[in-house]
Amino acid sequence: MFRRLPEDGRPVIRLSVDGQGIEARRGDSVAAALLAAGIVPSRTTPASEAPRAPYCMMGVCFDCLVEIDGMGSQQACLVRVREGMKVATQRGARRLVPV
Amino acid sequence: MTDSFDVIVIGAGPAGMAAACSAASNGARTLLLDENAGPGGQIYRAIAASPFKSGRILGHAYWVGENWINRLKRSGAEHRPRTTVWSLRATGDGVEIGTLGDGVAQILKARQAIVATGAMERPMPVPGWTLPGVMTVGAAQTLLKSSAMVPQGEAVLAGTGPLLYLFARQLIAAGAPPALVLDTTPRANRLRALAHLPSFIASRYFFKGIGLLAAVSRRAPVVRDVTSLAIEGAERAMAIRWRTDAGWQERGCDLVLLHQGVVPNIDLWSSAGCRAAWNDGQACWHAEIDSWGQSSEAGILVAGDGAGIGGAEVAAIRGVLAGLQTAHLCGRIDAGSRDLQARAAFQALARLLRGRDFIDAAFLAPRWSRIPEAETLVCRCEEATMGDLVAAVRDGAGGPASLKTFSRCGMGPCQGRQCGLVVTEALAAALGRPPAEIGHFRSRPPVRPIPLGALAAIPATDEEIGSVVRL
Amino acid sequence: MAAQDYDIAVVGGGLVGAAIAYGLCDGRRRVALLDEANGPISASRGNFALVWVQSKGLGLPDYAELTRRSSDSWQRLADDLREETGIDTGFSRPGGFSLCLSDVEMQHRVDQMRRLHNQSAVPHEVLDHAQTARLLPEIGPEVVGSVFCPLDGHANSLLTLRALNAAIARRGGTRIAGAAVTAIASHDGGFRLTTPSGEVAAPRIVLAAGLGNARLAPLVGLNAPVRPLKGEIVVTERTRPFLHHPVVNLRQTVEGGIMIGDSQEEAGFDTAVQTGVVATIAARAVRMFPRLSTLNVVRGWAALRVMTPDGFPIYQQSASHPGAFLATCHSGVTLAAAHAFEIAPAMGMGVLPSTVTAFTADRFDVQTAA
């Protein structure tokens with residue numbers, strides 16, 4: 001769906017999505033990383049499990065919600081990738097874990 | 001780091017940066033809050049950490065933003081990035097602002113607040129608009145600016161407004177021309193816009209505009225006078241259909257990028273009680289403000305596109321004016337100094353506003369893409385369709401609040417941002433009353449989602465605790 | 001504009017007015033329901049949606065009884081509404097809890113419950129932490145204990161209002177929107193209501209306008225001493241179902257969001273959300289169910305309860321203006337079934353049922369005299 005331009009000289013960051021390793025660049029949002037890796041859909045809705053992916057890339061649509069390092073409902077477009085980050089796509093309503 | 005300031009500015013786009021610079025350089029203790037990792041807002045996104053070394057692809061209008069970043073660094077204002085604002089309240093004695101940063105919620109106090117939270121893309125509820133692979137032009141532009149990413153495969157741009165062509169040109173410069181541009185600008189707009197043509201020709205926007213359309217048409221197919229759109233696909237966007245006078249046509253695609261202008265983000269300032277007024281020419285809500293940006297609530301000013309759309313340069317000027325006014329209200333400068341500094345700003349503003357009426361009239365989104373047909377989703381979060389809205393009206397919903405309760409429209413995490421304008425205009429049409437009378441969803445804190453545990457840590461007075469724990 | 005004639009006109013389209021109008025629409029009379037529609041103050045839009053028995057009626061046995069009967073017939077209301085309109089009100093009666101976070105709270109709650117049980121035989125169980133945890137495994141260690149009542153339940157109050165509205169229309173009742181009543185004139189044979197949408201004439205009227213009743217009641221020789229009592233609520237994003245019993249201040253809706261309340265604030269007509277109040281509400285919720293800590297709050301609101309001096313309803317027919325009725329309460333969801341099945345039919349015949357004779361506003365005069 002998106003490809004990276006050769007002009008981009010930023011260092012590579014490695015993270016995993018649903019257990020699969022992907023490569024991103026330092027400064028990418030998690031949403032950008034997902035799109036560059038072709039991980040689409042990146043979520044299904046609580047109301048009907050409809051497939052969704054990032055839409056606005058500025059934090060006002062909430063369609064890019066993912067789980068990051070165990071914390072659900074994170075807006076992927078507002079969080080920058082970090083080395084070793086564990087991302088999981090969020091399917092349906094958010095799961096709560098016992099504390 | 002204190003938690004009490006003269007001025008807190010919310011939003012680090014052009015208006016916010018300019019406001020913070022202006023207030024701080026006039027001696028006000030100033031804090032600039034922004035939810036993003038770096039300053040620049042949407043238009044100057046990632047400017048301080050760009051993946052590009054050359055200015056070629058993004059163009060001059062983007063890179064001027066660097067001036068503001070540099071001035072911000074020198075201004076003495078404190079800048080707190082990655083901080084979300086979820087509440088704003090005028091106390092009569094100043095303002096209280098609820099913030100969330102690194103999972104911790106706090107209430108910050110100041111004497112004055114300047115809300116500069118900018119604009120967002122007008123929602124474009126066409127069939128299939130919620131499918132993966134459908135995004136806003138602004139979203140794709142953000143990916144280009146922050147991550148040097150361009151569409152792969154067949155990308156179709158659809159909608160109306162200068163940004164559509166601006167972005168098409170950026171893509172062409174990046175070697176990724178769009179497969180198709182579908183222009184929905186209504187023919188009728190041309191007539192309406194003619195009335196403003198003289199001021200447009202005299203403005204700075206005229207020559208920019210002419211070159212843009214020609215440059216894009218040379219490298220990408222452009223279809224004009226599109227009167228309907230539908231995006232098809234099951235798991236993702238696979239094809240797009242469009243209608244012109246020649247009938248319906250269809251084309252396969254990998255990505256659809258929608259744009260039909262931008263509209264103010266009203267949620268934060270309206271949650272504080274600042275009055276909104278409906279602007280017919282732009283079909284959206286504006287903040288009721290005076291020439292300094294003073295809202296209807298003492299202690300709160302609104303600057304930039306978040307008050308009313310004017311573009312980045314206008315936003316910066318309005319930020320300067322708001323910053324001056326708050327410095328004055330905090331007693332840091334007298335009215336004479338404020339007025340002297342403001343003179344150049346007011347003059348520049350007059351110059352920049354010339355020609356905007358033409359742009360507004362020419363590119364006002366057509367009604368068919370502002371108010372959708374029956375099966376199309378209106379509320380993306382709760383998945384309420386236009387048909388659900390109509391059924392709710394039939395069952396007695398008489399305005400946004402009762403529509404919300406009957407249909408769940410506006411109850412999801414986006415808190416009515418994506419459906420709000422559609423709801424106002426659809427209700428106006430269904431009930432035969434003007435949008436100004438219909439009103440908008442009532443925005444109340446938290447205006448951004450906040451974890452329950454973070455909210456729990458906010459301090460409460462004995463009286464507040466007593467109202468909950470009743471024995 | 002010529003007045004529209006009906007047999008009975010209900011003023012106020014919230015849960016009380018709509019339930020009464022619904023009960024009146026039995027095919028034997030022409031019913032009008034007047035609503036200001038989308039007015040700023042609406043208890044029906046902002047309530048917690050409990051159908052609650054365990055804490056109702058201490059000091060007025062008839063209220064405990066009325067509540068019990070309404071709870072017992074709520075399923076019938078839900079079934080009828082679903083059959084008539086296709087709308088599911090989401091009613092369930094799995095039994096509900098009050099959770100206590102300290103020994104003092106526990107003592108207070110148990111004491112109240114015992115006294116109510118002695119007065120009106122309300123079934124309940126007093127549970128310690130371990131017993132509560134067997135029924136609600138997600139409770140946190142700070143929960144000292146609870147009171148459980150098998151008759152407690154909840155519904156979706158918004159869908160209930162919508163279903164009532166739809167059913168009224170289907171049954172041939174007339175809903176008039178934009179109809180805030182500005183004047184009531186009485187003459188032989190009935191009443192004339194003036195509204196921005198025109199005039200409505202009927203030999204019988206029911207004032208069910210919530211806080212608006214204070215202004216309207218004296219126009220027909222009645223007294224509605226109601227005041228606003230502010231309550232604040234927050235709702236979280238949807239999460240997978242885990243809480244199958246409502247707690248008096250915390251419940252999971254059918255859609256999956258967690259609704260959490262509540263406060264009681266004497267704040268006049270102010271409906272601004274106070275961050276300190278919702279923070280306190282959030283803090284207690286996290287102590288009750290620690291796993292909620294990371295769940296996002298997506299909405300907050302404040303609504304105004306319609307509160308009488310003793311908290312109990314007022315049902316009364318005017319002595320000076322026979323045919324004019326007053327109905328007000330702050331438990332419009334719980335009492336919806338009683339309003340529809342018990343009180344409305346009597347009003348339709350020009351009387352109130354004997355079960356509600358204790359609910360006139362005259363009881364307040366007795367209090368002040370004493």
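Observations
- Remark: pairs (first residue in the stretch B:460-471, more than 7 Å from every other protein chain (Cβ to nearest Cβ); second residue not β-branched (Val, Ile, Thr) and not in a helix (DSSP H, G or I); Cβ separation under 6 Å; 6+ apart in sequence or on different chains) are absent.
- Selection count, the stretch A:9-55, where residues are of a type outside the set (Phe, Trp, Tyr) and closer than 23 Å to B:Asp254 by Cα: 28
- So B:Ser443, is it out of contact with any Pro (no Cβ under 8 Å at 6 or more places or on another chain), touching a residue at least 24 places away in the same chain (Cβ under 8 Å) and hydroxyl-bearing (Ser, Thr, Tyr): yes
- When the residues of the stretch B:47-105 are filtered to those that are among the aromatic types (Phe, Trp, Tyr) and closer than 30 Å to B:Arg275 by Cβ, the one that is farthest from the other protein chains (Cβ to nearest Cβ) is B:Trp68.
- Boolean, C:Val356 is within 18 Å of C:Ser157 (Cβ to Cβ), crowded, with 20+ Cβ neighbours inside 10 Å, touching a residue at least 12 places away in the same chain (Cβ under 8 Å) and β-branched (Val, Ile, Thr): no
- Helices (runs of 4 or more DSSP H) lying entirely in the stretch B:12-125 (those with 3 or more residues that are in contact with a Pro (Cβ under 8 Å, 6 or more places away or on another chain) and touching a residue at least 24 places away in the same chain (Cβ under 8 Å)): B:65-75
- Test for A:Met58: is it farther than 14 Å from B:Gly412 by Cα, surrounded by 21 or more Cβ atoms within 10 Å (Cβ to Cβ), hydrophobic (A, V, I, L, M, F, W, C) and facing another protein chain (nearest Cβ under 7 Å): yes
- Hits in the stretch C:285-300 (condition: within 7 Å of another protein chain (Cβ to nearest Cβ) and either without any contact (Cβ under 8 Å) to a residue 60 or more places away in the chain or crowded, with 20+ Cβ neighbours inside 10 Å (or both)): C:Ala285, C:Val286, C:Leu292, C:Ser293, C:Thr294, C:Leu295, C:Asn296, C:Val297, C:Val298, C:Arg299, C:Gly300
- Of A:Ser16, A:Ser73, all but one fail to be at pLDDT 95 or above, part of a strand (DSSP E or B), within 11 Å of the chain's Cα centre (by Cα) and at the interface with chain B (Cβ under 9 Å from one of its Cβ atoms); the exception is A:Ser73.
- Subset tally (residues that are within 23 Å of C:Ala282 (Cα to Cα) and facing another protein chain (nearest Cβ under 7 Å)) for the stretch B:413-457: 13
- Breaking point among (1) surrounded by 20 or more Cβ atoms within 10 Å (Cβ to Cβ); (2) touching a residue at least 60 places away in the same chain (Cβ under 8 Å); (3) more than 7 Å from every other protein chain (Cβ to nearest Cβ), for C:Phe269: (1)
- Top-ranked residue in the stretch C:247-262 [being at the interface with chain B (Cβ under 9 Å from one of its Cβ atoms) and at pLDDT below 95; ranked as surrounded by the fewest Cβ atoms within 10 Å (Cβ to Cβ)]: C:Glu255
- Filtered by the rule that a residue be charged (D, E, K, R) and surrounded by fewer than 22 Cβ atoms within 10 Å (Cβ to Cβ), the stretch C:231-246 gives a lone residue, C:Arg240.
- Members of the stretch B:400-411 found to be more than 7 Å from every other protein chain (Cβ to nearest Cβ) and either surrounded by 24 or more Cβ atoms within 10 Å (Cβ to Cβ) or among the basic types (Lys, Arg) (or both), listed by number: B:Leu403, B:Lys404, B:Ser407, B:Arg408, B:Cys409, B:Gly410
- Count of residues meeting criterion [part of a loop (DSSP other than H, G, I, E, B), surrounded by fewer than 21 Cβ atoms within 10 Å (Cβ to Cβ) and within 15 Å of the chain's Cα centre (by Cα)] in the stretch B:266-304: 1
- Single unsatisfied condition, A:Gln90 versus (1) at the interface with chain B (Cβ under 7 Å from one of its Cβ atoms); (2) within 28 Å of B:Thr117 (Cβ to Cβ); (3) surrounded by fewer than 24 Cβ atoms within 10 Å (Cβ to Cβ): (1)
- With respect to the stated conditions, C:Arg162 fails to be among the basic types (Lys, Arg) and out of contact with any helix residue (DSSP H, G or I) (no Cβ under 9 Å at 6 or more places or on another chain).
- Note on the stretch C:185-214: residues that are among the aliphatic types (A, V, I, L, M), crowded, with 21+ Cβ neighbours inside 10 Å and more than 30 Å from C:Thr253 (Cα to Cα) amount to 6.
- Residue check for C:Arg175: in contact with a strand residue (DSSP E or B) (Cβ under 9 Å, 6 or more places away or on another chain) and either in contact (Cβ under 8 Å) with a residue 24 or more places away in the chain or among the polar types (S, T, N, Q) (or both): yes
- Test: residue in the stretch B:399-411 that is under 18 Å from B:Glu121 (Cα atoms) and within 20 Å of the chain's Cα centre (by Cα): yes
For (1) modelled with pLDDT of 95 or more; (2) outside any helix (DSSP H, G or I); (3) within 21 Å of the chain's Cα centre (by Cα); (4) not polar (S, T, N, Q), each residue gets a yes or a no:
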site: C:Thr67; (1), (2), (3), (4): yes, no, yes, no
site: C:Ser70; (1), (2), (3), (4): yes, no, yes, no
site: C:Ser73; (1), (2), (3), (4): yes, no, yes, no
site: C:Glu83; (1), (2), (3), (4): yes, no, no, yes
site: C:Thr89; (1), (2), (3), (4): yes, yes, yes, no
site: C:Leu99; (1), (2), (3), (4): yes, yes, no, yes
site: C:Met106; (1), (2), (3), (4): yes, no, no, yes
site: C:Pro123; (1), (2), (3), (4): yes, yes, no, yes
site: C:Ala133; (1), (2), (3), (4): yes, no, no, yes
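- Residue ID - nearest to B:Ala168 (Cα to Cα), chosen from residues in the stretch B:1-41 that are in contact with a Ser or Thr (Cβ under 7 Å, 6 or more places away or on another chain) and surrounded by fewer than 24 Cβ atoms within 10 Å (Cβ to Cβ): B:Glu35
- B:Ala105 being crowded, with 22+ Cβ neighbours inside 10 Å, modelled with pLDDT of 95 or more and aliphatic (A, V, I, L, M): yes
Every residue, every condition in (1) of a type in the set (Val, Ile, Thr); (2) within 7 Å of chain B (Cβ to nearest Cβ); (3) touching a residue at least 60 places away in the same chain (Cβ under 8 Å); (4) in contact with a Pro (Cβ under 9 Å, 6 or more places away or on another chain), yes or no:
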{"site": "C:Val277", "(1), (2), (3), (4)": "yes, yes, no, no"}
{"site": "C:Ala283", "(1), (2), (3), (4)": "no, yes, no, no"}
{"site": "C:Ala302", "(1), (2), (3), (4)": "no, no, yes, no"}
{"site": "C:Thr308", "(1), (2), (3), (4)": "yes, no, yes, yes"}
{"site": "C:Pro313", "(1), (2), (3), (4)": "no, no, yes, no"}
{"site": "C:Ser320", "(1), (2), (3), (4)": "no, no, yes, no"}
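- Test for B:Leu191: is it surrounded by fewer than 20 Cβ atoms within 10 Å (Cβ to Cβ) and away from chain A (no Cβ under 14 Å): yes
- B:Val156 being away from chain A (no Cβ under 11 Å) and surrounded by 24 or more Cβ atoms within 10 Å (Cβ to Cβ): yes
The values are calculated or read from the model by the stated rules, or taken from the named source; none is laboratory data. Computed from a prediction, not measured in an experiment: that's the story for all the values here. All Cβ positions, even for glycine, are placed from backbone atoms using ideal geometry, and neighbour counts span all protein chains on display.
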